[in-house]
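Reading through the structure tokens given below for one structure.
Please treat every number below as a calculation from the coordinates, not as lab data. Just so we're clear, the structure is a prediction, and the values are computed from it rather than from any experiment. Cβ atoms come from the backbone with ideal geometry, glycine included; neighbour counts cover every protein chain shown.
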Amino acid sequence: MHASSLERLEKSESPARQARAILQAMDAELAARDSHLATKTDLAAAVHALELKMEGLRIEMREVGTKWVLWSAEFWLSGIGVLFSLLKWLK
């Protein structure tokens, strides 16, 4: 509770008990609102977690890319092998 706020409420001809009750209610509301705000530490932790997930995705994408290249090479080499076998058989 701020003394200047209490003085303002008392000067506005509000009874002292009522002024204190109003300020206590306002303080409680502000405290509840502030408890839901993210701090710099919370944001830094979230950024760090996202960076770790992104690094994991990058690794996974590299692995998938490597597998795709190997599968593609196997596919084309086997296709060429079948083609040469057919050509040899047709001679």
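Given the choices (1) 3, 14, 25, 23, 18, 12, 4, 0; (2) 3, 15, 27, 26, 17, 9, 3, 0; (3) 2, 11, 8, 8, 6, 6, 6, 5, 6, 5, 5, 5, 4, 4, 4, 3, 3, 3, 2, 2, 2, 1, 0, P(r) over Cα pairs in 5 Å bins from 0, in percent derived from the coordinates of this structure is entry (3).
Volume per residue of the convex hull around the Cα atoms, evaluated for segment 21-60, comes out as 42 Å³. Taking Cα centre as origin and charging only the Cβ of basic (Lys, Arg, +1) and acidic (Asp, Glu, -1) residues, the dipole magnitude of the chain rounds to 580 debye.
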